[in-house]
Structure formats: C-alpha cells, structure tokens
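This report concerns only the one structure given below.
The values are calculated or read from the model by the stated rules, or taken from the named source; none is laboratory data. Remember, predicted model here, so these are calculated numbers, not experimental data. A quick note on method: Cβ atoms are made from the backbone with ideal geometry, for glycine too, and the neighbour counts reach across all protein chains shown. Please note that ligands, DNA and RNA were not included when accessible areas were found on the heavy atoms of the full protein model with its side chains. Shrake-Rupley method; radii C 1.70, N 1.55, O 1.52, S 1.80 Å.
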Amino acid sequence: MIIDDKLKMHDLGFYQLRNKPSQKKLQQYYNKKYYQEQTGSYQNNYNDDEIKYFDLKINQKAYVIDKLINYKGRLLDVGCGEGFTLQYYFNKGWDVKGIDFSQSGIEKHNPDMGKYIDVGDIYDKINKYIDKKFNFDVIYLTNVLEHVLDPVKLLKTLKSLLSSR
C-alpha cells in the first residue's frame, strides 16, 4: 500500500521509504556526517543527567537479559554508536563486539571500546562473522532498524549468529 509519494507500507506492517538511498550513499552518510555533524540525536558532549538516562535505558534491557542469561556471555552490539552498551557489558565481564558505520561516536564517548568494534557496512561485517562461525548469546540492536535498507533481511541474518546455548 502506498501512503504518500515518499512512504509505503511493508507487507509486515511498517512504513518505509519508497525511494531508498543506495547502500553506498547510506554508508557515506553515516561514516562522514551522522556523528560528525550531529545530524542524529548524538552530541559531542553529554551532561550528567543525559549519561544517567543512557545508563538507565541500558539497565532496563540488562534486567531482562540477566533474567534470561545467568552467565557472562558474548554480546554483539549492531549499530553500537557511541559505545555506551559495549562499555556497560564489558565492565560486567562480557566478551563484547560492536559493528557500526563509523567509529566517531565511540572515539568521543568510549574510546577504550574502539578496539572491540568493526567499522564498515554492517551486512558485510555480519556475513564475515557468519563465515567465521562466530556466535553470540545476545545481539543488541537499539535504534538500528529504521536506519537500514532492509530491516527484515538484517533480522533474519542476525538470527544465524545467535548461540544455541
């Protein structure tokens, strides 16, 4: 169903752009503008209340994860952005890995996490993880699906990286 000249409804009931950018243009945008020009909701600096808010949001999700997984596992944060989630789980003793189009957000806010992320096209990185038979106990995906060209494909692909424990 076409909603207007810019949006259409996907078969699964969510709205998407009718004319999507190419993967190359999307990658360039996130690599060169999104964090660097503060195009999204990201900033160069956050005050203490904003940091507390981020921590509370991570703690909400961690509460559920801790109920389901009672061990320190492997976490993949897709679209890890500024690295707050990576830092949280790393501090809890988890083995962490992140993927993002850019390292700019992490460099500004959690530079110690830079060595745990792979920068580039998330589909390429995920496919390399699949080829190497990587698996993760938790795949963390916050504010990502609205930024990718094919969110359904991304979710199906990520499912193959989940650990069977």
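Evaluate the following for K72: is it of a type outside the set (V, I, T), surrounded by 14 or more Cβ atoms within 10 Å (Cβ to Cβ) and over 16 Å from the mean Cα position of the chain (by Cα)? Working first, answer last.
On the way: of a type outside the set (V, I, T): yes; surrounded by 14 or more Cβ atoms within 10 Å (Cβ to Cβ): no; over 16 Å from the mean Cα position of the chain (by Cα): yes.
Against the criterion (of a type outside the set (V, I, T), surrounded by 14 or more Cβ atoms within 10 Å (Cβ to Cβ) and over 16 Å from the mean Cα position of the chain (by Cα)), K72 does not qualify.
Screening I122 on (1) crowded, with 19+ Cβ neighbours inside 10 Å; (2) within 27 Å of Y29 (Cα to Cα); (3) touching a helix residue (DSSP H, G or I) at 6+ places or on another chain (Cβ under 7 Å) shows it passes everything except condition (3).
Considering each residue of segment 80-104, count those that are open to solvent by 20 Å² or more (accessible area, probe 1.4 Å) and under 14 Å from K115 (Cβ atoms), and give that number. Here the count works out to 5. Restricting attention to segment 84-102, the residues that are under 12 Å from the mean Cα position of the chain (by Cα) and of a type outside the set (F, W, Y) total 7. For segment 49-66, the criterion of being over 30 Å from R165 (Cα atoms), modelled with pLDDT under 90 and among the acidic types (D, E) is met by none of the residues.
In segment 67-89, the residue that is farthest from L161 (Cα to Cα) out of those that are without any contact (Cβ under 8 Å) to a residue 12 or more places away in the chain and part of a helix (DSSP H, G or I) is K67. If the condition is being touching a residue at least 12 places away in the same chain (Cβ under 8 Å), open to solvent by less than 70 Å² (accessible area, probe 1.4 Å) and farther than 28 Å from K67 by Cα, then segment 125-165 contributes K125, H147, V148, L149.
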